[in-house]
Amino acid sequence: MPKSKKRGSNHQRGAGGQHRNVQPFSDEDASIETMSHCSGFSDPASFTEEGPEVDEEATQEDFEYKLKGFIDLTLDKSAKTRQAALEGLKNALTSKILYEFILERRMTLTDSIERCIKKGKSDEQSAAARLACLLCVQLGSGIESEEILKTLGPVLKKIICDGTASIQARQACATCLGVCCFIVTDDITELYSTMECLENIFTKSYQRETHTNGISSTHNTVLHISALLAWTLLLTICPVSEVKKKLEMHLHKLPNLLSCDDVNMRIAAGETLALLFELARETEADFFYEDMELLTQKLRALATDGNKHRAKVDKRKQRSVFRDVLRAVEERDFPTETVKFGPERMYIDCWVKKQTYDTFKEILGSGMQYHLQSNEFLRNVFELGPPVMLDAATLKTMKISRFERHLYNSAAFKARTKARSKCRDKRTDEWHPQVLGTMESSSLEIDLLDTNEEGKLYVVDSLNNLNKLHLCSDGSQHLLTAQEEENTGGLMTWSSISCQHLFFVTLIIILIVSLALVSFVVFLTIHTGNKMDEVTSRLAFERKNTEDLKNINNIILKHLNQSGIMEKEENLFTGQTPSTPYLRNYLFPRSKLDTTVQ
């Protein structure tokens, strides 16, 4: 291509020949090369590492040049090449902010995505839908995103409603449609139309009146889950009047999805119920749900589910989610979570925020933290303000050493262990609210004391000082008093003594069982020996009797030979037959007697 020759000649003179070895793209190494070039941009701290200086301008040009190659390959005849190009673009948009680059080529990218969704197969359609989401995330809530949604919206709705399309493609299109509509929030008519399209999908999972034994899991469940989550995301930006309408329509039907065989559907329905209750209580302070008792029974059963026919991983995940859902429905409480990205922290303190964060985290994957730092749209969504501009020197000063990080993790682990030991020693499942608050605050983070130097993390020099650090239920810290230290020491001493007693009792039981087994084996050995001796003596006695009989028989034969009984037998049988027919049976021939004697 003339462009490649021109670029190569320019860089041979100026930038040291960065593109001299650039080869045309192929479908085998397309995504691999993109990943290798994008990985260095995923973390801003990567520029602060010590090492040889890198020409950032040349690297950026090389990066954009490869992206242009991927855009060209989205029009290739090979489906494998097109899919690899889409994956390469998706990885690049996930790991770096490319607003200017995309703004100049948004029409080309939109046409390529539309063509792939219309004519591609399942995997290609899914990759194109995910790329459309990333385009809107990069461009933000502006006119450009509106144009993308107007172009791709009808195509996405057609794929979603098409029963002959693959479930994977319909699922990706449902998520893409919900996210793009969430970003473009100006057109309220398009918002209502999109929600109606998604409702037509997931309402098919509602229990029909003719089925009373629950819902059977089908291959469409994955599609229904994606449609339900996308609909829930759009519900968070609806006006109050529309929220009330949706509550009346779905709040009494969603509990039926808790009986679905698919664990992901149960979890999605539970989180949606928690969000609906949160929105309902925000709109009406005296909100009342008629079937609250029945709903809480279902949620409590799922929070303590122990069915053996379900996988352990599914049960663990389900119990963890439904414990939070049950607290949200009954106590109007939400377990606060903390998300750290670079020097900043974001607190997730409601179900609306959690649903939004989970959706964008699924789309961006490992690039979520980078976009939270640099993407203006996401920072506006989560109310983080404008991006914090930090140069390489500032990032290097804020970076803590490995030893300091080890001390911090050790302090967090020790505080968390102390908080949890109070419940584990009681052997109970119901935790005191103060202890539970201590566990949550210690497991999320430890707010160490501030120092005069801004931008640095305070690290305690010695772990011995951390032993006296105590976390209160409100998140504050204070030193342990003498009474608290004595109580803590007494608790640890009692635990160690009980463990020692248990060890000794177990050891004694093991010794007793071992002695009993040895005694039983010895008894069996002795008894078996006696039986063998008795059998041996009997055999010897029988052998002796047999020998005696043989001797008597020999004596009788010798006596008969000497008395001449055999001659009388011969005279008796020479001329006439014995008077008795059986007399011959009682007389022995001479030949037999001689043989017997011998």
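Computed from the coordinates by the stated procedures, all read-outs in this text should not be read as laboratory data. Remember, it's a predicted structure, so these values are computed and weren't measured experimentally. Here Cβ is always computed from backbone atoms with ideal geometry, including for glycine, and neighbour counts include all displayed protein chains.
List, in the order given, every pair from Lys96/Lys354; Lys158/Lys353; Lys204/Lys354; Lys68/Lys158; Lys246/Lys361; Lys118/Lys157 whose Cα-Cα distance in the structure shown is over 21 Å.
Long pairs (Cα-Cα over 21 Å): Lys96/Lys354; Lys158/Lys353; Lys204/Lys354; Lys68/Lys158; Lys246/Lys361.
Compute the Rg/Rh shape ratio of region 188-335: radius of gyration over Kirkwood radius, all on alpha-carbon atoms.
Value, to two decimals: 0.95.
Computed FRET efficiency, Cβ-Cβ of Glu56 and Ser241, R0 45 Å: what is it to the nearest 0.05?
Working from the Cβ atoms, E equals 0.30.
Multiplying the sequence separation of Asp76 and Phe341 by 0.36 nm and subtracting their Cα-Cα distance, what value in nm do you get?
91.6 nm
Between Ile510 and Thr296, what is the label-to-label distance in nm when each label sits 7 Å out along the Cα-to-Cβ direction?
In this crude spin-label approximation the distance works out to 4.8 nm.
What order do you get for Leu560, Leu524 when you list them from fewest to most C-beta neighbours inside 10 Å?
Fewest-to-most Cβ neighbours within 10 Å comes out as Leu524, Leu560.
Each label point is 7 Å from the Cα along the Cα-to-Cβ direction; what then is the distance between the points at Tyr65 and Ala540, in nm?
Those two pseudo-labels are separated by 10.5 nm.
Which length gain, in nm to one decimal place, applies between Thr525 and Gln168 when the Cα-Cα distance is subtracted from 0.36 nm times their residue separation?
Taking 0.36 nm per residue and subtracting the Cα distance, the gain is 121.5 nm.
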